[in-house]
Amino acid sequence: MNSEGGGASEEDRPRDDEILAFHHAIRAADAEKLEFVGDKEPLTVLAAEYEAGNPVFKAKVENLGQSYFAIRRARGDGNCFFRSFMFSYLEHILETKNEAEVRRVEKNIEQSKRALIELGYQEFTFEDFLSIFVEQLESALPGRETSVDIDQLVQRCRDRYISDYVVMFFRFVTSAEIRKRAEFFEPFIIGISNMSVQQFCKASVEPMGEESDHVHITALSDALGVPIRVVYLDRSVGADGKNTDVNHHDFIPSECSGVDIPPVVLLYRPGHYDILYTRKDEGRQNE
Amino acid sequence: MAEEKYNMRNPAVKRILQEVREMQNNASEDFMSLPLQDNIFEWQFAIRGPQDTEFEGGIYHGRIQLPPEYPFRPPAFMLLTPNGRFQTQTKICLSISQHHPEHWQPSWSVRTALVALIAFLPTKPDGALGSLDYTSEERRALAIKSRAAAPKFGTTERQQLIDEIHEYMLKKAPPVPEMAKEEQVQEDPSEVADPAAPTSVPVSPAVATEAQEEASATGRDREENLVVENVHELRVNANAGPIAVSFSAGFRVRAPAPVQGSAAREQPAAIGVAPPRADASRGLVARLGLNDDFGLTVLAIGLTIAIIALLIKKYLALAPSISGTGLNFCFSVFFCVTSCVQFLEFSSPDFSEVSHEMALPKYIYLWFTVEVLAGPTNQHAEESTLESSAFRTLRNTFYTN
């Protein structure tokens, strides 16, 4: 996913700080165009995007419409997976009003916190991030002074401070889970990055703006105990070259083995995640 | 910290205040860092040069600027103390490696960054921006120099913080003995090359100034570890003959009018400096609570002579022909004083320069010492109190002159 390095020799490779500056400039420009999370749009906007594009994409977008009806875009700043997850999950809590679910996740958060401390993180480096997320969880539940409606939730998720803090919290949780289960994650990490588990966490999980991968999603889903579905919109056409069904992968933590459709559904296009809304939810959400 | 001054909704403020608290609660010997009172986004720090490197013993000050987006954006570090590794007042590039850029991460803190900075000191600059590649000798010299005084920078308030941090670091970072010695050799080889007699009193002005510098740098603090540090320095210098005396001059600066208690604590150090001849005087030094150079030296000489006088007296007392105690005593005192003065004047040319203004107190003092020693031993306790108060008076007279 990160096509860094390439074939450029050491000499013509720009300095790291130059690359970083360039990177920041691109993202800053991007930020002008889109909020951290956009508005809910019908899936037809996606079809319009590929009108003149690749026929495989076109066919797949059409197929996508069978199971999903809406999309909410996330800003492509390298944190899109986490921002999408944040909004999608909080929206799920807001709609289901499931207090038991919040308590369950909070228990998992408590475990992640312990894991972080055991791994040597100083509490003050992550406690602010943690408490911001717990605040958001609590205010997604109804009947509290701080309770929010969907518009307020959107506003909060567009607030740089809240959004960045929650993203950072997810990055901590993800990193802790990967390091805690280093043996499990190691083969995957070596497969994609040729780094040690520790290095991977330091270089590709914890820093803001580092894109997420299968490894991140697995770890976050397991750590919080929240199932995630990722729908893949790409040019793969199956073994016979004709299959334009849209593949998806469900990340189901062991404690949630009975779940049918995960509460969080994300659309993946190479390098980017957005939020998808399933047809199943269509009726309720339109009420 | 004035928390009400800041918008606690600003997450950076909350985080920074937490870091301040953490820094204060878990103080390190390797570094110290605190924000300015009126702006917690501006910090001052000092790091200790890492052990077994040419930076060892050095105390390097610098400033930290935290961005409003902290901890999402990295703090900027600048050194203020010349160190030979990083340019001063230039932002330090902590991601030196071209191949594995270490992005700043919110899980880092001022503490981790300072630890990293210490670790970076002995690394090769490899032409990184803001780096310097001085020789080990130059760096070592800068390390030693860095202890003498904190850099001057910024407002009075900032300067005060810098000075506080410097004092704290001096307490935590004892110099390396080898280095201190090397310094001596480099700066004034003749001093060491000429091992003067231990009884010589002269205080070479150059060395004395240096000693005072050292003393004022060490601060006026009388804490336990400071005393240990003094012993440290002094032991080194005791090897260098005349410097031994000059370094006790440092003590005088530190404790101009020692209270009995604190003086007693510093005695081990004082004894450490005393030339071998003074060994016999240890008991008295301890009882008197003496710790200044002049007193010590005179005392050493005086007591040596007093002991001789005592022996003579004993000898005379044994001789039945001259048994009149008064006459006997006067004789011995006179003998002792004159021989002492002669001895002092002969042994040290410099001494005669100062001996005129000091003549009276010196005579009285010698007399007093001899009388006490010659007196019956059962009056010991009373006499020692008497003597120490008398000595204080004497010394005051001397210093006010």
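The values are calculated or read from the model by the stated rules, or taken from the named source; none is laboratory data. This structure is a prediction, so every number in the text was calculated from the model and none was measured. Every residue, glycine among them, receives a Cβ derived from its backbone with ideal geometry; neighbour counts consider all protein chains shown.
Worth a mention:
- Enumeration of residues in the stretch A:226-243 that are at pLDDT 85 or above and surrounded by fewer than 18 Cβ atoms within 10 Å (Cβ to Cβ): A:TYR232, A:ASP234
Here's the yes/no breakdown for (1) free of Cβ contacts under 8 Å to residues at least 24 places away in the same chain; (2) touching a Phe, Trp or Tyr at 6+ places or on another chain (Cβ under 7 Å); (3) of a type outside the set (Ser, Thr, Tyr):
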{"position": "A:THR174", "(1), (2), (3)": "no, no, no"}
{"position": "A:LYS180", "(1), (2), (3)": "no, no, yes"}
{"position": "A:GLU183", "(1), (2), (3)": "yes, no, yes"}
{"position": "A:PRO187", "(1), (2), (3)": "yes, no, yes"}
{"position": "A:HIS216", "(1), (2), (3)": "no, yes, yes"}
{"position": "A:VAL226", "(1), (2), (3)": "no, yes, yes"}
{"position": "A:PRO253", "(1), (2), (3)": "no, no, yes"}
{"position": "A:ILE261", "(1), (2), (3)": "no, no, yes"}
{"position": "A:VAL264", "(1), (2), (3)": "no, yes, yes"}
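- Residue in the stretch A:119-132 that is within 12 Å of chain B (Cβ to nearest Cβ), outside any helix (DSSP H, G or I) and aliphatic (A, V, I, L, M) present: yes
- The listed residue being more than 30 Å from A:PHE170 (Cβ to Cβ), in a loop (DSSP other than H, G, I, E, B) and either within 12 Å of chain A (Cβ to nearest Cβ) or at pLDDT 85 or above (or both), out of B:PRO67, B:PRO82: B:PRO82
- Put simply, of A:ARG75, A:ARG103 the only residue that is out of contact with any helix residue (DSSP H, G or I) (no Cβ under 6 Å at 6 or more places or on another chain), under 25 Å from B:PRO106 (Cα atoms) and away from every other protein chain (no Cβ under 14 Å) is A:ARG75.
- Residue in the stretch A:84-93 that is farther than 20 Å from A:LEU220 by Cα and either surrounded by fewer than 19 Cβ atoms within 10 Å (Cβ to Cβ) or within 14 Å of chain B (Cβ to nearest Cβ) (or both) present: no
- As for the stretch A:210-218, it holds no residue that is farther than 21 Å from A:VAL37 by Cβ and over 13 Å from the mean Cα position of the chain (by Cα).
- Cβ-Cβ distances below 9 Å connect the following pairs, each with a first residue in the stretch B:129-148 that is closer than 25 Å to B:LYS172 by Cβ, a second residue that is among the aliphatic types (A, V, I, L, M) and modelled with pLDDT under 85, and a separation of six or more residues or different chains: B:ARG140/B:MET179; B:ALA143/B:VAL176; B:ALA143/B:MET179; B:ILE144/B:MET179; B:ILE144/B:ALA180; B:ARG147/B:ALA173; B:ARG147/B:ALA217; B:ALA148/B:ALA217.
- Some residue of the stretch A:265-276 being among the charged types (D, E, K, R) and crowded, with 19+ Cβ neighbours inside 10 Å: yes
- Restricting the stretch B:11-29 to residues that are small (Gly, Ala, Ser) and within 16 Å of B:THR112 (Cα to Cα), the residue that is farthest from the other protein chains (Cβ to nearest Cβ): B:ALA27
- Checked against (1) within 21 Å of the chain's Cα centre (by Cα); (2) at pLDDT below 95, A:PRO142 passes all but a single condition, namely (1).
- For the stretch A:152-205, a tally of residues being closer than 20 Å to A:LEU130 by Cβ and among the polar types (S, T, N, Q) returns 3.
- For the stretch B:110-133, the criterion of being within 14 Å of chain A (Cβ to nearest Cβ), within 14 Å of B:PRO75 (Cα to Cα), assigned to a loop (DSSP other than H, G, I, E, B) and at pLDDT 85 or above is met by no residue.
- Helices (runs of 4 or more DSSP H) fully within the stretch A:159-241 that include at least 1 residues being within 12 Å of chain B (Cβ to nearest Cβ) and within 19 Å of B:ARG73 (Cα to Cα): A:160-180.
- Condition met for A:SER139 (in contact with a Lys or Arg (Cβ under 9 Å, 6 or more places away or on another chain) and more than 14 Å from every other protein chain (Cβ to nearest Cβ)): yes
- Hits in the stretch A:157-178 - residues which are crowded, with 21+ Cβ neighbours inside 10 Å and not hydrophobic (A, V, I, L, M, F, W, C): A:SER163, A:ASP164, A:TYR165, A:ARG171, A:THR174, A:SER175, A:GLU177
- Here the stretch B:49-64 is the region considered, the condition is being assigned to a strand (DSSP E or B) and out of contact with any Lys or Arg (no Cβ under 7 Å at 6 or more places or on another chain), and the residue that is surrounded by the fewest Cβ atoms within 10 Å (Cβ to Cβ) is B:ILE64.
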